[in-house]
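To keep things clear, I will list the structure first and then write my remarks on it.
No lab work stands behind these numbers, since they all come straight from the coordinates. It should be emphasised that the depicted structure is a prediction, and the values quoted were computed from it without experimental measurement. Positions of Cβ are backbone-derived with ideal geometry, glycine not excepted, and every protein chain shown enters the neighbour counts.
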Amino acid sequence: MHPEIEAALTVAEYYYTAPNAIALQNAEKLLNYIEDINLERTGKFVPTQSQGLYMLWSIEDWEFHMECIKNGNILYAFVKNGCKEASGSYPIDEFIPQLERYLLIGVA
């Protein structure tokens, strides 16, 4: 498990109910993807009251709001210069291609 997720779990134990196994697995997959593409990660996961893990990741004028929620989906909003460009909720395997498409727009 990524040290960052372990740190978020420590905070969750103090304030909230810890995220379930599905949310943790998705957070791991998301971090692995971000590490694989070698882009600077400006955000870190923080626990949510709804037993999820949330991350805000900023790249240039884009913000990627992503929450690994307990039902196994990723709840997200992609924002450019303060305007929402996309939002929704997908399983991780469907979410990654969405994220990838907007990353290509943002860093191209």
Practice prompt. List every DSSP H helix in the chain whose Cα atoms extend 24 Å or more along the helix's own long axis and whose mean Kyte-Doolittle hydropathy is at least 0.0.
Written response: none
Worksheet item: Where in segment 10-71 are there GluC sites (Glu not before Pro) that are in a DSSP coil and have at most 15 other Cβ atoms within 10 angstrom of their Cβ?
Response: 40, 60
Worksheet entry | Translational diffusion of segment 1-61, µm² s⁻¹ [Kirkwood Rh, Cα pairs; Stokes-Einstein; 10 °C; 1.306 mPa s] | 133
Discussion item. I'd like to compare 82-92, 68-78: which one has the highest average count of other Cβ atoms within 10 Å, and what's the full order after that?
Written reply: 68-78, 82-92
Practice prompt. Taking the Cβ of residue 53 as the centre, find all other residues whose Cβ is under 11 Å away and add up their charges (Lys, Arg: +1; Asp, Glu: -1).
Written response: -1
Worksheet item: Once the other residues with Cβ under 13 Å from the Cβ of residue 28 are scored (Lys, Arg +1; Asp, Glu -1), what is the net sum?
Response: -3
Worksheet item: Which value does Rg/Rh take for the chain over its C-alpha atoms, Rh per Kirkwood?
Response: 0.95
